[in-house]
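Rule-based calculations on the coordinates, nothing more; no lab input. Here the structure is a predicted model, which is why all the values come from computation and not from measurement. For neighbour counting, all protein chains shown are included, and Cβ atoms are generated from backbone atoms with ideal geometry for every residue, glycine included.
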Amino acid sequence: MSSLYQLQPQCGDMREASHKDGKTSKHPGVPWATSLQTANSLTLEVTQVAPDTKKYITIYSGGGLNRERVAGQRRSPNGSGRRRRCRVPLPFPSLSPSTSFLRSLDVDKNPGAVRATACALEPRLSWLLKQASGGLVDWFVRIINASLEQSKFPSCLKQSIVRPVLKKASLDSTVLSNFRPISNLPFLGKVLEWMVASQLQGFLEDTDFLDRSQSGFRPGFSTETALVALVDDLRRELDRGRVTLLVLLDISAAFDTIDHGILLGRLSGMGLGGSALQWLQSFLEGRSQLVKLGDTCSDPWPLTCGVPQGSILSPLLFNIYMKPLGEVIRSFGVRCHLYADDTQLYYSFPPNSKEAPQILDQCLVAVMGWMRVNKLKLNPVKTEVLQVNCKSDRGIGWQPVLDGVALPLKAQVHCSLGVLLDSGLTLEAQVSAVAGRAFAQLKLVRQLRPYLEKSDLAMVVHALVTSRLDYCNALYVGLPLKTARKLQLVQHSAALVLMGARYRERSTLLFKELHWLPFIFRAQFKVQIITSKALNALGPTCLRDRISPYELVRSLRSSGEALLSLPSASQSQLVGTREREGLLHRGPHPGSGTLSPGRLGRPLPPSSPFGRA
């Protein structure tokens, strides 16, 4: 029952499947794959395997995509039809004698995990595949495994439609550089990418390949964890009386200028080779795109570099491409955080340091050189520099230079991962901006209230108002009450609109009925969640390294409670830092109604009432 079917490079080009017993068969009308003649139509086996393959992919063929899987079960829950499990060895090379690139793969669930966006290249095919996935799972299995076994990405899935999207609503729509090219890709190609991306992500986690400063597109990492680490570093240096220069580099069209040869070299250097590398090379090369505006389409244009924005694999490949940059920056004693193409480097030094200008300029020269070698373009005009220091300190008297352009020092940067930062880290501009946008949205929601049910209105309020308050709200812990009160008023106004209450209604009763935590406690709870994830290895290591356990001098009843050490008062000069670290290590007042972070060494209970907030 061994057989081999061929992957077809063009849609509709059907070939015969060659079998060991000499028989052939065809299935007309099914693109990209031919039939596999076996004794049982629910069984799939591929025989040509690389000799170093050690692991196999478990595939359930036949049946529906969402059926229940039980180990060892041969029949479906309703007793109709037989369920057979077969192991399909894939030719991805082993990275070590006991570890191979691909692990177990569940073909049944992956198509349902991919969003079925409409694509002009396949009219209504995405919707059809989602609705009829139960009857098409066998073909999903055959097409995907044929692509992996042959180390080829189907050519008909390489074409994409680009729809220009304005980067910001405030930008000039007549300037072409203000648009971001988002690629609209075929649904089946996304399913195939999802299969490989899930395995590539697992490989990156198992080998810890990515740089610890990279936060984009990684499980447990987010813009909030990156900003928490960044702001914590800036506040610690501010407590020490040091000056910090935060440089926000602007890379022009980063995803579109990736060199395929350099990327394939990085993939080979991380341990990939053989058919695995050949498949990724086939995915990158031979792509084309066309631009569509309204009903007008351009002619297809071949792509010789870059990865498509909107693809599932592209973010992972971009992370691999950018990995060496962190090592280049840290070689000068400069720290950095990378989130996709947003690169932030910062250097702290005494106010009267004479070596700081030379060190930072040398680092920027090295970064510029690395960008040129890797075919990336830095834009010095859009690069911003924030000077973080005490109000009593004078200016440092010099400006960093990038590619011959002196970068002016600013007291406030326009945006760092969606957050406005100022030189004193007061976040007053950020709070005012969030409150202003939230009140503007709330005004529109109030007009919709007579036409929506309460449940629908709650969804709109959360999507347009409270979600703005929750974004990076861990940074708001420790802010002065006069600053935090602006956001508290937004939450109170949202509760009034949702409940239809009067303006003077007390927020305590409203929040209790809505199961909402007050804004300040909600921010404190976010810090506790981040701390819990960091302690349980569910978050970035850069956050876990900042937390130290409390070491008891003698044995006490609290020895097994996983307490955290509290820094001395001399290490925390700023009021916000004292409040934040006091919350992190001791917890809020016992009567505040929030969880005590002093015992965050254990995971938070899933039945916690605060999960409804």
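Laid out as a table, the results:
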| quantity | calculated |
| --- | --- |
| Potential extension, Ser555-Lys354 segment - 0.36 nm per residue separation minus Cα distance | 67.4 nm |
| Net +/- balance of residues flanking Gly369 in space, Cβ distance below 15 Å, scoring K and R +1, D and E -1 | 0 |
| Cα-projected label distance for Val291 with Leu448, points at 7 Å along beta-carbon direction, nm | 3.3 nm |
| Likely footprinting exposure, Glu505, Glu551, Glu149, fewest C-beta neighbours within 10 Å first | Glu551, Glu505, Glu149 |
| Listed peptides 169-178, 300-309 by packing density, highest first (mean Cβ within 10 Å) | 300-309, 169-178 |
| Cβ-derived FRET efficiency at R0 35 Å, Ser173 paired with Ser331, nearest 0.05 | 0.25 |
| Computed Kirkwood radius, in angstrom, where 1/r is averaged over Cα pairs of the stretch 146-230 | 16.4 Å |
| Alpha-carbon Debye profile of the stretch 428-516, log10 I(q)/I(0) at 0.11, 0.16, 0.17 Å⁻¹ | -0.29, -0.62, -0.70 |
| Met459/His515 FRET efficiency (R0 22 Å; Cβ-Cβ; nearest 0.05) | 0.90 |
| Efficiency of FRET between Tyr503 and Ile182 - r from beta-carbon atoms, R0 41 angstrom, step 0.05 | 0.45 |
